[in-house]
Amino acid sequence: LTREYLLYVPTSYDGTTPVPLLFNFHGYGGTSAGHLADADMRSLADRETFLLVYPQGSLSSENSPHWNASLPGGDNKSTADDTGFVQAMITSVFSSYQVDGTRIYACGYSNGGEFAYDLACRLNTEIAAIGAVARTMYIETFNNCSPTHPTGILSILGTSDNISNYNGVTF
């Protein structure tokens, strides 16, 4: 697959000091450009000096952009290796910019938040913390998660959300 992402380099970046890197993932059916418009963190990146990436999900079997937020199997909506895509983006950004490898973060909305949880498990040695909006961690992700170090998690849910239960998952 040909994969794309939008990279924002803050005006405050001077290339002399390693800076944090933040991935911001759109929801199911969304686009990187649309998510940038809805969840624009460029002014925050300018003020706090971090590199900002808005990746584009691949097309699902329903022809909608998405993130594979679980181990490969029947629950995936495509065969795209999204974890590999994130690793490739990290390599690409590291090759061109000064990045603090201890400060790589991921956040996302809905399916993008679900993918952030997945990255906290599968790329635990690279992702320092995640934030998820309108999504909880699915039981499959929880059951297959064996982090080697603590990973910070911010979860933002609404009590009227009928897709991601505010009360979480019963184990």
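The values are calculated or read from the model by the stated rules, or taken from the named source; none is laboratory data. Nothing here was measured: the structure is a model prediction, and the numbers come from that model. In this analysis, Cβ positions are derived from the backbone assuming ideal geometry, glycine residues included, and neighbour counts consider all displayed protein chains. What goes into the accessible areas is simple: the full protein's heavy atoms, side chains included, and nothing from ligands, DNA or RNA. Shrake-Rupley method; radii C 1.70, N 1.55, O 1.52, S 1.80 Å.
Per-structure values
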{"read-out": "Where Met41, Met89 fall by accessible area, highest first, once all protein chains stay in place (1.4 Å)", "value": "Met41, Met89"}
{"read-out": "FRET efficiency estimate (nearest 0.05) - Cβ-Cβ, Asn76 to Leu6, R0 22 angstrom", "value": "0.35"}
{"read-out": "In nm, spacing of pseudo-spin labels at Ala88 and Ser61 (7 Å Cα→C-beta vector)", "value": "2.3"}
{"read-out": "Solvent-accessible heavy-atom area per residue, rounded to whole Å², over the chain at 1.4 Å", "value": "52"}
